[in-house]
Amino acid sequence: MNRWLLWLPLGLFGLFFVSVAVGLMIPKDNVIESKMIGKPMPAFSLPAAIQERPALSSSDLVDGKPKLLNIFASWCLSCIAEAPQLLELQKAGVEIHAIASRDTPQDIANFLNRWGNPYSRIGSDATSSVQLELGSSGVPETFVIDGKGVIIHQHIGDIRKEDVAELLKILRDAQ
């Protein structure tokens with residue numbers, strides 16, 4: 001009986017090791033997708049985040065043309081990483097509106113001066129209430145909105161170079 005007790009710690013360690021190895025090889029999907037896909041934008045009206053761009057409301061997203069709605073923050077490193085791709089999408093003719101989450105006008109202006117400003121309108125969501133209504137799980141996050149104001153696609157995380165073509169296709173198909 002004492003011999004089995006000697007092997008018990010080794011057996012428990014082996015079980016722990018196998019559990020960790022399986023968890024690393026088959027990671028959980030922790031991405032939270034919006035339940036708003038296929039639904040109209042919730043009604044909102046946000047004040048202008050900076051003086052150089054107009055405020056943003058849900059009615060600005062219903063004009064017959066598909067567009068992007070990007071949620072960003074000046075303190076977000078991934079938002080810096082996606083800035084060149086947003087400028088590329090803007091140069092391709094995409095209308096991009098933004099929601100600045102939990103930010104100050106001065107920090108937003110500094111961010112846009114440094115990394116570029118692809119946005120037509122920027123609303124300030126100081127409490128992240130609109131972001132939460134959209135089912136957004138963080139910044140950056142981008143939604144494709146059709147011309148009727150319906151959310152048709154959600155891009156979680158920063159837009160990378162390889163995502164630009166896919167977003168352009170989704171926008172074309174939304175027309």
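Here, each number is a calculation from the coordinates, and none is a lab measurement. Note that the coordinates shown come from a computational prediction; the quantities given were computed from them, not determined experimentally. Every residue, glycine among them, receives a Cβ derived from its backbone with ideal geometry; neighbour counts consider all protein chains shown.
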Cubic angstrom per residue, convex hull over Cα atoms of the chain: 161
Close Lys-Lys pairs in the chain, where close means Cα under 17 Å and separation is 8 or more or interchain: 12
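First measure r as the distance between the Cβ atoms of SER129 and ILE170, then evaluate 1/(1 + (r/R0)^6) with R0 = 22 Å and state the FRET efficiency to the nearest 0.05.
On the way: r = 27 Å, r/R0 = 1.21.
FRET efficiency, SER129 to ILE170: 0.25.
Would you work out the relative contact order for the chain, in percent, from Cα pairs under 8 angstrom that are 6 or more residues apart?
Values: 299 pairs, mean separation 51.9, N = 175.
Contact order relative to length: 30 percent.
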log₁₀ of I(q)/I(0) at q = 0.22 Å⁻¹ - segment 28-115, Debye sum with one point per alpha carbon: -1.33
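What FRET efficiency, computed as 1/(1 + (r/R0)^6) with R0 = 41 Å and r the Cβ-Cβ distance, is obtained for ALA55 and LYS161, rounded to the nearest 0.05? Can you show the working numbers first?
Details: r = 31 Å, r/R0 = 0.76.
Calculated value: 0.85.
If eta is 0.890 mPa s and T is 25 °C, what Stokes-Einstein diffusion coefficient results for segment 106-146, Kirkwood Rh from Cα pairs, in µm²/s?
Working: Rh = 12.0 Å.
Stokes-Einstein gives a translational diffusion coefficient of 205 µm²/s.
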Linear extension gain, ALA21 paired with SER45, 0.36 nm per residue minus alpha-carbon span: 3.8 nm
Interchain or long-range residues, amide H under 5 Å from SER57's placed H: LEU46
Percentage relative contact order, segment 29-113, counting C-alpha pairs under 8 Å, at least six apart: 31
